[in-house]
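The values are calculated or read from the model by the stated rules, or taken from the named source; none is laboratory data. Given the structure is predicted, the values throughout are model-derived calculations rather than measurements. Every residue, glycine as well, gets a Cβ built from its backbone with ideal geometry; the counts of neighbours run over all protein chains shown. Just the protein is used for accessible areas: all its heavy atoms, side chains included, with ligands, DNA and RNA removed. Shrake-Rupley method; radii C 1.70, N 1.55, O 1.52, S 1.80 Å.
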Amino acid sequence: KGTYEPIDVEGRDASHIFAFLREHEGAACLVIVPRLLASKTRPGWDETRLKIPDRFANRRWHHLFTGERELRG
């Protein structure tokens, strides 16, 4: 259930990221998946950014795997 919204990625390693948002009844899940890592020639993601829609800019996020909270859009 809910909406699916692809997220644009910009920057040096944009081709190595697949991202999308799912939203349902006010709750949202941002999914970010690295891809083609064997062909990634530089370490780090410093110059790569997700273009998250403005309506999510001030939302607080919770990292599902690490438990870290207060991640900002």
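So that you can scan it fast, the table gives a plain yes or no per residue for (1) in contact with a strand residue (DSSP E or B) (Cβ under 8 Å, 6 or more places away or on another chain); (2) on the phi < 0 side of the Ramachandran plot; (3) open to solvent by 70 Å² or more (accessible area, probe 1.4 Å); (4) touching a residue at least 12 places away in the same chain (Cβ under 8 Å):
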{"residue": "Pro6", "(1), (2), (3), (4)": "yes, yes, yes, yes"}
{"residue": "Gly11", "(1), (2), (3), (4)": "yes, no, no, yes"}
{"residue": "Val33", "(1), (2), (3), (4)": "yes, yes, no, yes"}
{"residue": "Thr48", "(1), (2), (3), (4)": "yes, yes, no, yes"}
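A single entry from Gly73, Gly44 fulfils the requirement of being modelled with pLDDT under 85 and either surrounded by 14 or more Cβ atoms within 10 Å (Cβ to Cβ) or acidic (Asp, Glu) (or both): Gly73. Filtered by the rule that a residue be free of Cβ contacts under 8 Å to residues at least 24 places away in the same chain, in a strand (DSSP E or B) and open to solvent by less than 70 Å² (accessible area, probe 1.4 Å), region 13-26 gives Phe20, Glu23. Evaluating Pro6 against the criteria (1) under 16 Å from the mean Cα position of the chain (by Cα); (2) within 20 Å of His63 (Cβ to Cβ) leaves one unmet condition, (2).
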